[in-house]
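A.B. asks: Please find one structure pasted underneath; my questions will follow.
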Amino acid sequence: MQSLWMLAASFLFAVMAACTKAGASEFGTFELVFYRSLFGVICIAFWVWKTGRSLHTPLLGAHLLRSFLGTFAITVWFFVIGLLPLGTAMTLNYTSPLYMAAFITIGALRRRESIRPGLLASIASGFIGLTLVLRPEFREGDALPCLIGLSAGFLAALAYVQVKQLTRMNEPEWRIVFYFTLFGTLWGLGGQLIVDRLHPITMNNIPALLGLGLSATLAQLCLTRAWGAGNMLLTSALQFSAIIFAAVIGWCFFGDPIPLQSAIGIAVIIASGVAATVLTKRKS
């Protein structure tokens, strides 16, 4: 079930990226973060009210840290997209599993536990496949933006660790996502009002906003369940599947070609995910 949750989250994140691309021509970065989060706040708050659940939590500080790390990582990534080729920016954003593998390996060494080289290899091969798909290009003067992009992957990895800690303290997924989207709503609205005004919503751009909000909310719920379900390295390996879904969606709806090199990269990514699943099954 952990694998299915991560695959569902990856597909929904690919849909979210497509909706973001469709709305980027009419809305700013902070504005997209605002609408991305507002939908989740409204839906989860309504569900909590209808089911009689409570948003009260003794872990408000941990929620604030997770929300800040995750929201800041998204904002930094959107910022880097405007400075670097898209392939380079996407590659840097997906370095978070490599940071995650490093965190887990260091933790295992400190506890004098055995390291799983097979899962580490699946993460490394998944990143190789990612570079084949995206074909990153580094230009003169890109050093500083690339370092900023690497920080986005680092912040995302820290946010995932915080999600794992919250679930270990028996915090439900929906409450984690609620506080994350609440923080993102305030962050996006405040940032947009500082840099510009809110742009009008019309019948032409509302489908992109609705798709963005719905897919982002469902993706966060699936992602939170995946990270809290068990093996973090397996979840890291399977999140590369978002690139496969994004490539197919881009080909179907935006006419983006899939050359031979990208097809080989997609095959490597699939093989890495399958290998991670098999290795975890054998370990169990």
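The values are calculated or read from the model by the stated rules, or taken from the named source; none is laboratory data. None of the values given here were measured: they were computed from a predicted structure. With ideal geometry, Cβ positions are generated from the backbone for all residues, glycine too; neighbour counts draw on all protein chains shown.
For (1) buried (at least 18 other Cβ atoms within 10 Å of the Cβ); (2) farther than 29 Å from Ile258 by Cα, each residue gets a yes or a no:
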position: Pro145; (1), (2): yes, no
position: Met169; (1), (2): no, yes
position: Arg175; (1), (2): yes, yes
position: Phe178; (1), (2): yes, yes
position: Leu182; (1), (2): yes, yes
position: Gln192; (1), (2): yes, yes
position: Val195; (1), (2): no, yes
position: Asn204; (1), (2): no, no
position: Gly213; (1), (2): yes, no
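A.B. asks: Applying the selection to the range 12-39, what residues are farther than 15 Å from Trp174 by Cα, part of a helix (DSSP H, G or I) and aromatic (Phe, Trp, Tyr)? Step through it out loud before you land on a result.
C.D. replies: So the first thing to find is which residues in the range 12-39 are farther than 15 Å from Trp174 by Cα, and the list is 12-36.
Within this subset, residues satisfying the condition of being part of a helix (DSSP H, G or I) are 12-23, 29-36.
Answer for the range 12-39, where residues must be farther than 15 Å from Trp174 by Cα, part of a helix (DSSP H, G or I) and aromatic (Phe, Trp, Tyr): Phe13, Phe30, Phe34, Tyr35.
A.B. asks: Oh, and also: Considering only the range 226-234, I want to know if a residue exists there that is among the polar types (S, T, N, Q) and either modelled with pLDDT of 85 or more or part of a helix (DSSP H, G or I) (or both).
C.D. replies: Looking for residues that are among the polar types (S, T, N, Q) and either modelled with pLDDT of 85 or more or part of a helix (DSSP H, G or I) (or both), one finds none in the range 226-234, hence no.
A.B. asks: Here is a further query. Looking at Ile42, Ile74, Ile104, which one is assigned to a helix (DSSP H, G or I) and either at positive phi or free of Cβ contacts under 8 Å to residues at least 60 places away in the same chain (or both)?
C.D. replies: Residue meeting the stated conditions: Ile42.
A.B. asks: A follow-up question, please. Filtering the range 1-39 down to residues that are of a type in the set (Gly, Ala, Ser) and within 13 Å of Gln220 (Cβ to Cβ), which residue is surrounded by the fewest Cβ atoms within 10 Å (Cβ to Cβ)?
C.D. replies: Filtering first and then ranking leaves Ala8.
A.B. asks: Quick check: is even one residue across the range 119-138 charged (D, E, K, R), farther than 18 Å from Gly61 by Cα and part of a helix (DSSP H, G or I)?
C.D. replies: Looking through the range 119-138, none of the residues is charged (D, E, K, R), farther than 18 Å from Gly61 by Cα and part of a helix (DSSP H, G or I).
A.B. asks: Is one or more of the residues making up the range 157-166 surrounded by fewer than 21 Cβ atoms within 10 Å (Cβ to Cβ), more than 14 Å from Arg66 (Cβ to Cβ) and among the polar types (S, T, N, Q)?
C.D. replies: no
A.B. asks: Residue check, Thr91 against (1) in contact (Cβ under 8 Å) with a residue 60 or more places away in the chain; (2) assigned to a helix (DSSP H, G or I); (3) polar (S, T, N, Q), all met but one. Which one?
C.D. replies: Thr91 satisfies every listed condition except (1).
A.B. asks: Here is a further query. Which of the residues belonging to the range 40-68 are closer than 28 Å to Thr95 by Cβ and surrounded by 22 or more Cβ atoms within 10 Å (Cβ to Cβ)?
C.D. replies: Within the range 40-68, Gly40, Arg66, Ser67 qualify.
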